[in-house]
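Presented below is the structure to which this report refers.
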Amino acid sequence: MVQPWQDTTLPAPLRAADLLARMTTEEKTAQLSSVWLGTEGESAEVAPGQHVYANRSAHLEGLLPHGIGQLTRPFGTVPVDPAEGAARLAELQRTVRAGNRFELPALAHEECLTGFTAWQATVFPTPLAWGATFDPELVTEMAEAIGTSMRTVGIHQGLAPVLDVVRDPRWGRTEEAIGEDPYLVGTIGTAYVRGLEAAGIVATLKHFAAYSASRAARNHAPASIGPRELADVILPPFEMAIRDGGARSVMPSYNDIDGVPGHAHTELLTRLLREEWGFGGTVVSDYFAFSFLESNHRVAASPADAARIGLAAGVDVELPAARCIDIADRLPEELLDRAALRVLTQKCELGLLDPDWEPTAGDTPVDLDPPHMRELARQVAEESVVVLANDSGVLPLTDVTRVALVGPLADEQAAMLGCYTFPRHVGVHHPELPAGVEVPTLAEALRAELPGAEFIDDPAEADLCLAVVGDRSGLFGRGSSGEGCDAEDLELPYGQGDLLDAVFDTGTPTVVVVLSGRPYALGRWADRAAAVVQAFFPGQEGGGAVAGVLTGRVEPSGRLPVGVPRERGGLPAPYLAPPLGRHNGASTVDPTPLYPFGHGLSYTSFEWGAPQCESPEFPTDGETALRLTVRNTGDRAGTEVVQLYLHDPVGTVALPDVRLVGYARVPLDAGASAEVHLTFPADLAAYTGADGRRAVEPGALELRIAASAERVHHTVPLTLTGPVRQVGHERRMRCEMRVK
C-alpha cells in the first residue's frame, strides 16, 4: 500500500510531514547529518580545524540503520573517473536505501564554483571573470550546462554561487566573488542560480552574510559593518537570488557580525531569511562551522551545545560530516522536527521520496568535458578579458616579429585556474595524475595565434615584450590567491614588481598581462606600459581567450567588476563610498583607483547619442523610460557595455556618490547602431535610513549613462514626487534594459 509520503500527487510539504510523523528521533536526527567518505583521518585535512572532534564524526555504518541526510563530495574529494564515480555513487545510494526502513536515499552535493569540481570536468572561469562579462544570459547558459553534467552522474546540490560583495580585495576569496557592486553581484549571481536550478540542481547561496566585510580582509575574521551597509550592500544579492532566481539553499558564513557568529545568527537565518523574505528551502552549514561555534567563536560549551545553537538559529544540516549533530544526543524536539521537515520537503521536491526513484545507473560512458562545455568556457573567458590601457595603440598585435615573453606565469597552467578548480583544489595532492582536461598556457596559445613570430627570452633583443604576472591560486597559504590566502597589501606577489621594473628599464615597449584572482596595484607602471590587459583566472580556455584579445582575433568586451588600485595601500578603494570615503584634502592618502569599476577598452570606437527621457518627473511609486542610440564608429565589430549609475545629491544619511543600477551589452558591426531602452523604477532609488527602514524619498536624482563609474557620457536629471514611501521585499530590484 502506498503511504501518503510516497504519493506523488500530493504536495511536497504534506508528504514530508507525513513521513516525519512516522520517524523516530534517531531517524529525524540522521536526516540532518552528512557523511564525507575518504576524509576520516587527519591526514586528509583540507582546511584548518577539520580534525576538531574527529572522534565524534559519524561514519556511514553507524548512520545506515537510521538513514543519511547528505553525501559530501563523492566526486570532488579525490580524483575519480567520471563513469566509475557515477557507478560508485549509484551503488552507495543503493546501500543507503537498503540500510534504513523507509528506503530513503541521501542527497549528494558537490562544489561547482568554476564548473563541476570533479576530475576531467570542464574548468570554467572563476566568478570574478563572470562579473567581468556583464553578461547574465551567458552565465545562465553556463550554469545550466554545469548543472546538467552534475545531475547526469547523480548529484543533487551545488555549493554555489558566492554572493559576497567584495569590500577589500586583499581578501583571498576575492576570486570566488563576482564583484564589488551589489547590483552586478545580484544580477550575475541570480543568472547563475537560474541556470543551476533549471538543470534540477539545488543552488546554494554563500556566504550569508558579510563574510567579505571582515577586518583587514582576513579570512574568518570578525566583520566590522553597520546595519545600513549590511542592508544596502551585503544582503541585496542574496535577496535577489532567492526571490528572482529561485535558490533553494543558503549557507551561512564563518564570520561574526558584532559578536554574533553567522551560524548562530537568528536575526539573519530566521527573522530575515524565513519570515521577511519567505525562504522555504534548506540552510546548510559551511564546512565544520558547527564545531567552530565551540572551538573558534567560543559561544558553545560542547559539540551538542553547538548543534543546539545552530539549529535554534535556523541551520538545518551539518556539513561536511556529522560532528556535532549526533543521534546519541537528545536535541530539542521542536528544533529537530523543524529542520527535518525542511530536509524531507526538499528531498521530496527532488524526487527522492518517490517509490520508483532509482539512482543514476552509472553503466554508460560519461563525458564531463564535452565540446559544447568547452565552447561555453571559451565564450565566458573571451568576454571576461579586460583591456585596461592601450594608449600607444600597440594592441592588437598584428605585425610583430620578435616577441619577448617573460614572467613566471607566461607558461604555467596555474595562471588560468582558481582555487576551487579541481586541478588546484584537489589535483595538487595527486601530482602523479594529469590535470584531467587540456589547459593551454598563454605561451602555448600565443605561439598558435602568431605562428610567424619569433618568441625569445631577452627583452632587450625584442620588438615587443609581453610581461605576464599575477597569481597562483591555492588554499590556506598554498597560493597567493584563494581561500585563506589573504594579502597584506596589493603589491604584486612573488617579487614580480621588481621583474616589471627590470623589463621597463630595457626600453622595450611592454604589454603587461595580469592573470590573477584579485586586482593588484599597477600605478607604479601606468606611465611606462604600452598596454595593460587583465584576466581573472579565465579557466581552461583562458590561454586562447587572452591570446585572442592580444592579437585581435577576439574583440575585447570585458569590464572591471572591481577597480584596479593605483597604490598598494589606501584601501579599500572608493567605489560605493560616500564623499568622506573619497580623496580629500584632510588626508595624505589617496584611494582613487587607477582604473575604476566598469572600466574596459575596445579596439573600435562608439558614439553615444543623447538620451531621450519619457518623463523626468514621476512619483515615488512610479517609473520612467529612457532610450539612447549607440553607434559603432570604427572599422571593426565590437561590443559596448552601457552602464547606468544613480547619483542622489542629498540624502538623510551619507550615500555613495554613484552606484550601478543597470547595464546592457551592445554588440555592433562596424558602422551599425542600436537603440538601448531602459525602464527605471523609483524603487531603485530606495536606501536604508538611520531608522533602519528602506524608503524612496521625493526630490532630485541624477542618472548617469556611462562607460564606467568614472567615465560618464550623459546625465539625466530626474525628480521624484509624492510622499516618502517605505519599501520591502516586494520592491523592484532591477532596471530593465533592452537592445533593439
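Any read-out appearing in this document is the output of simple, stated calculations on the displayed coordinates, not a laboratory observation. Everything numeric here is computed off the predicted structure, so don't read it as measured data. Ideal geometry is used to build each Cβ from the backbone, glycine not excepted, and the neighbour counts take in all protein chains shown.
In nanometres, what is the gap between the two model label sites at GLU275 and GLU26, each 7 Å from Cα along Cα-to-Cβ?
3.6 nm
How much length is gained on full extension from ARG215 to THR633, taking 0.36 nm per residue of separation minus their Cα-Cα distance?
Working it through step by step, the gained length comes to 145.8 nm.
Using a Förster distance of 35 angstrom, determine the FRET efficiency expected from the C-beta separation of GLU103 and ASP367, and round it to 0.05.
For R0 = 35 Å, the calculated efficiency reads 0.65.
Report the Cα centroid-to-centroid distance between the range 550-600 and the range 98-137 in angstrom, as an integer.
First find each Cα centre; the distance between them is then 32 Å.
Using modelled amide H (1.01 Å from N, peptide plane; none on Pro or chain starts), what sits under 5 Å from the amide H of ARG659, excluding residues fewer than 5 places away?
It is LEU646, by chain and number.
Considering amide H positions built from the backbone, and no H for Pro or chain starts, which residues 5 or more places from GLY622, or on another chain, come under 5 Å of its amide H?
ALA682
Roughly how many whole Å is it from the C-alpha centroid of the range 424-469 to that of the range 1-29?
56 Å
Using mean Cβ contacts within 10 Å as the protection proxy, how do 197-207, 417-427, 622-632 order, highest first?
417-427, 197-207, 622-632
How far is it, in nm, from the label point at THR719 to the one at ALA610 when both lie 7 Å from their Cα along the line to the Cβ?
In this crude label model, THR719 to ALA610 measures out at 2.0 nm.
Give, in nm to one decimal, the length gained when the segment between TRP357 and GLU736 is fully stretched (0.36 nm per residue of separation minus the Cα-Cα distance).
Length gained, TRP357 through GLU736: 132.3 nm.
Just for the chain, what percent of DSSP beta bridges are antiparallel, to the closest 5?
Antiparallel bridges make up about 55 percent of those DSSP assigns within the chain.
Which whole-number percent gives the relative contact order of the range 615-740, counting Cα pairs below 8 Å spaced six or more residues apart?
Normalised by residue count, the contact order of the range 615-740 is 33 percent.
Once the Cβ-Cβ distance between ARG94 and ARG338 is put in as r, and R0 is 41 Å, what FRET efficiency do you end up with, to the nearest 0.05?
0.85
So between VAL428 and ASP621, what do we pick up on full extension, going 0.36 nm a residue minus the alpha carbon distance?
64.0 nm
Taking amide H atoms as placed 1.01 Å from N in the peptide plane, list the residues 5 or more away in sequence, or in a different chain, whose amide H sits under 5 Å from that of ASP369.
THR122
Before rounding to the nearest 500, sum -39500 (n - 2.57) across all DSSP H runs of length at least 4 in the chain and divide by the residue total; then give [θ] at 222 nm in deg cm²/dmol.
Value at 222 nm, helices only: -7000 deg cm²/dmol.
Name the residues of the range 386-417 whose amide N is less than 20 Å from a point 7 angstrom out from the Cα of GLU461 along the C-beta direction?
Taking a point 7 Å out along Cα→Cβ of GLU461, the residues of the range 386-417 whose backbone N falls under 20 Å are 400-408, 410-411.
Normalising by the residue count of the chain, find the relative contact order in percent from Cα pairs under 8 Å and 6+ residues apart.
13 percent
Quick one: angle between helix 333-349 and the longest Cα principal axis of the chain, in degrees between 0 and 90, rounded to 10, please.
So the helix axis and the longest Cα principal axis differ by about 70 degrees.
Using each residue's phi in the range 476-488, evaluate 6.51 cos²θ - 1.76 cosθ + 1.60 at θ = phi - 60° and report the 3J(HN,Hα) Karplus result to the nearest Hz, with x for Gly and Pro.
Coupling constants for the range 476-488: 6, x, 8, x, 9, 9, x, 4, x, 10, 7, 10, 6 Hz.
Antiparallel DSSP bridges in the range 377-595: what percent, to the nearest 5?
Once the DSSP bridges in the range 377-595 are tallied, antiparallel ones form about 20 percent.
Under 8 Å for C-alpha pairs, at least 6 residues apart: give me the relative contact order for the range 68-197, rounded to a whole percent.
The value is 27 percent.
In 5 Å bins starting at zero, report the fraction of Cα pairs in the range 606-739 per bin as a rounded %.
2, 10, 20, 22, 18, 12, 7, 5, 3, 1, 0
How far is helix 542-551 tilted off the main Cα axis of the chain, in degrees rounded to 10, range 0 to 90?
So the inclination is approximately 10 degrees.
Within 10 Å of each residue's Cβ, count the other Cβ atoms and sort MET150, MET240 from fewest upward.
Ordered by Cβ neighbours within 10 Å, fewest first: MET240, MET150.
Report the label-to-label distance for GLU454 and ASP505 in nanometres (one decimal), using points 7 Å from each Cα along the Cα→Cβ vector.
2.6 nm
Could you compute the FRET efficiency for VAL653 and ALA301, with r as their C-beta to C-beta distance and R0 at 56 Å, rounded to 0.05?
E between VAL653 and ALA301, to the nearest 0.05, is 0.90.
I'd like the Karplus ³J(HN,Hα) series for the range 503-515: coefficients 6.51, -1.76, 1.60, θ = phi - 60°, whole numbers in Hz, and an x wherever there's a Gly or Pro.
5, 5, 5, 6, x, 6, x, 10, 9, 8, 10, 10, 10
Can you give the alpha-carbon Rg of the range 229-380 over 2.2 N^0.38 Å, where N counts its residues?
Its radius of gyration relative to the 2.2 N^0.38 Å reference: 1.24.
Restricting attention to the range 672-740, which GluC sites (Glu not before Pro) occupy a DSSP loop and are surrounded by at most 12 other Cβ atoms within 10 Å?
Sparse-neighbourhood loop GluC sites (Glu not before Pro): GLU730.
Quick one: Karplus J couplings for the range 669-683, per residue in order, coefficients 6.51, -1.76, 1.60, θ = phi - 60°, nearest Hz, x for Gly and Pro?
6, 4, x, 7, 9, 8, 9, 9, 10, 9, 10, 9, x, 4, 3
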